[in-house]
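A.B. asks: Have a look at this one.
Throughout, read-outs are computed from the coordinates displayed, never taken from laboratory work. All values reported here derive from a predicted model rather than from experimental measurement. Ideal geometry is used to build each Cβ from the backbone, glycine not excepted, and the neighbour counts take in all protein chains shown.
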Amino acid sequence: MGHYTEPDFNKLAEICKKMRRQILMMLNQAGSGHPGGSLSAVEIMAVLYTKIMRVDPDHINWKERDYFFLSKGHAAPVFYTALAERGFFPEEELITLRKLGSRLQGHPSSQCTPGVDMSSGALGQGLSVANGVALVAKLDGTDSRAYVLIGDGELHEGQLWEAAMTAAHYKLDNVCAIVDMNRLCLDGPVDEVKSLGNLKAKFDSFGWNTVEVDGHNLEKVYAAFKSAMNTKGKPSVLLASTIKGKGVSYMENQVGWHGITPNNEQLEIALKELI
Ligand SMILES: Cc1ncc(C[n+]2csc(CCOP(=O)(O)OP(=O)(O)O)c2C)c(N)n1
Ligand SMILES: [Mg+2]
């Protein structure tokens with residue numbers, strides 16, 4: 001019922017490679033979707049779903065579990081690979097992404113997919129929902145924690161900053177946000193589209209515990225989640241430095257790979273890089 005006990009980071013690195021292969025095969029078959037921001041979040045999602053989150057695929061509505069919200073909903077492929085890894089549905093189902101009648105829609109749907117607690121895709125909303133769940137847990141006296149993955153471009157959305165104030169005001173130390181700092185959004189570098197300035201200083205001044213971490217280093221990501229768990233009286237945010245398109249040479253740091261999919265030839269090259 002709880003999270004895996006013994007962190008085995010070598011095994012986890014293999015799981016990450018497999019997740020990347022799955023993401024690319026899913027997107028190739030679907031013919032539409034978002035590789036860049038899925039690949040940048042693989043380590044974050046792998047650590048979260050195999051080492052940190054208290055969830056139970058056999059009791060998906062277990063009330064005192066932890067909760068996860070994919071605020072950057074376009075990264076659904078990485079979410080689905082993490083859910084499959086944790087046993088919410090068979091890995092074989094991943095390849096049905098975006099097909100008619102599939103439980104795996106292009107953006108997460110709480111109506112369709114086991115383990116998805118919030119439909120998302122319209123950016124900016126996840127932290128507000130996480131705050132609500134975290135407040136309920138406080139009122140009910142449960143240990144539930146609410147995790148939310150936010151894109152760095154998504155931080156252009158004003159609602160997130162309202163929610164950032166709310167989480168600090170209510171001292172929601174059971175909220176843990178992760179910002180996937182891959183430095184790119186849909187149409188260019190985040191800081192050229194609209195600069196985020198000093199994000200650590202911003203979150204600190206909003207009353208958060210702010211942890212900067214290499215978002216591809218499994219040990220460090222795990223330690224960052226643990227330190228967030230041990231921080232009392234304020235919400236935590238992990239500012240995770242990542243590479244958009246991580247793991248595929250021709251996709252890395254290329255904004256053009258935000259929302260297009262690899263053809264068969266490109267897929268073959270990518271899969272060879274991820275053996
Ligand atoms: C409210 C809203 N506005 C615009 C979009 C279109 N959109 C989809 S992804 C994206 C860029 C997001 O950038 P970022 O958060 O950095 O995502 P990542 O780099 O992790 O893929 C935009 C503008 C949207 N989904 N929702
Ligand atoms: Mg980004």
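A.B. asks: Per the helix-only calculation at 222 nm, which mean residue ellipticity applies to the chain, given -39500 (n - 2.57) for every DSSP H run of n ≥ 4 and division by its residues, nearest 500 deg cm²/dmol?
C.D. replies: Result for the chain, helices only: -11000 deg cm²/dmol.
A.B. asks: So, one more: Taking +1 at the Cβ of each Lys and Arg and -1 at the Cβ of each Asp and Glu, which of Gly188, Gly132, Val211 sits farthest along the dipole of the chain towards its positive end, judged by Cα position relative to the Cα centre?
C.D. replies: The listed residue farthest towards the positive side: Gly132.
A.B. asks: Residue farthest toward the positive end of the dipole of region 9-273, with Cβ of Lys/Arg at +1 and Asp/Glu at -1: which of Phe88, Ser241, Leu104?
C.D. replies: After comparing all options, I get Phe88.
A.B. asks: I'd like the FRET efficiency for Asn230 and Glu273, computed as 1/(1 + (r/R0)^6) with the beta carbon distance as r and R0 of 25 Å, rounded to 0.05.
C.D. replies: 0.10
A.B. asks: Also, I was wondering about something else. Using the 10 angstrom Cβ neighbour count as an exposure proxy, how do Trp257, Trp161 rank, fewest first?
C.D. replies: Listed from fewest to most nearby Cβ atoms, that is Trp161, Trp257.
A.B. asks: Follow-up. Treating the beta-carbon of each Lys and Arg as +1 and of each Asp and Glu as -1, no other charges, what is the dipole magnitude of region 106-177 about its Cα centre, to the nearest 20 debye?
C.D. replies: So the dipole magnitude of region 106-177 works out to roughly 140 debye.
A.B. asks: Could you pull out every residue, at least 5 positions away or on a different chain, whose amide H is within less than 5 Å of the one on Gly247? Hs are placed 1.01 Å off N in the peptide plane, and Pro or chain starts have none.
C.D. replies: none
A.B. asks: Something else now. For region 1-118, what is the charge dipole size about the Cα centre, in debye to the nearest 20, if Lys and Arg each add +1 at the Cβ and Asp and Glu each add -1 at the Cβ?
C.D. replies: 360 debye
A.B. asks: Compute the distance from the alpha-carbon center of region 104-146 to that of region 36-89, in whole Å.
C.D. replies: When both Cα centres are located, 11 Å separates them.
A.B. asks: How many percent of Cα pairs in region 9-273 exceed 31 Å?
C.D. replies: Summing the P(r) tail past 31 Å for region 9-273 gives 18 percent.
A.B. asks: Also, I was wondering about something else. Take the Cα pairs of region 14-172, get the Kirkwood Rh, then feed it into Stokes-Einstein at 37 °C and 0.692 mPa s and tell me D in µm²/s.
C.D. replies: It comes out at roughly 206 µm²/s.
A.B. asks: In straight Cα distance, which lysines are under 20 Å from Lys17, not counting same-chain residues fewer than 8 positions off?
C.D. replies: Lys51, Lys220, Lys244, Lys246, Lys272
A.B. asks: Arrange Tyr67, Tyr170 by Cβ neighbour counts within 10 Å, fewest through most, would you?
C.D. replies: Ordered by Cβ neighbours within 10 Å, fewest first: Tyr170, Tyr67.
A.B. asks: Dipole of the chain, Cα-centred, from +1 at each Lys and Arg C-beta and -1 at each Asp and Glu C-beta, to the nearest 20 debye?
C.D. replies: 240 debye
A.B. asks: Right, another one. When a footprinting reagent is the concern and you count Cβ atoms within 10 Å, what order do Glu64, Glu93 take, fewest first?
C.D. replies: Taking fewest neighbouring Cβ atoms as first place, the list is Glu64, Glu93.
A.B. asks: A further question follows. With a 10 Å radius around each residue's Cβ, average the other Cβ atoms per peptide and rank 25-33, 78-86, 176-184, highest first.
C.D. replies: My ranking of the peptides, most packed first, is 176-184, 78-86, 25-33.
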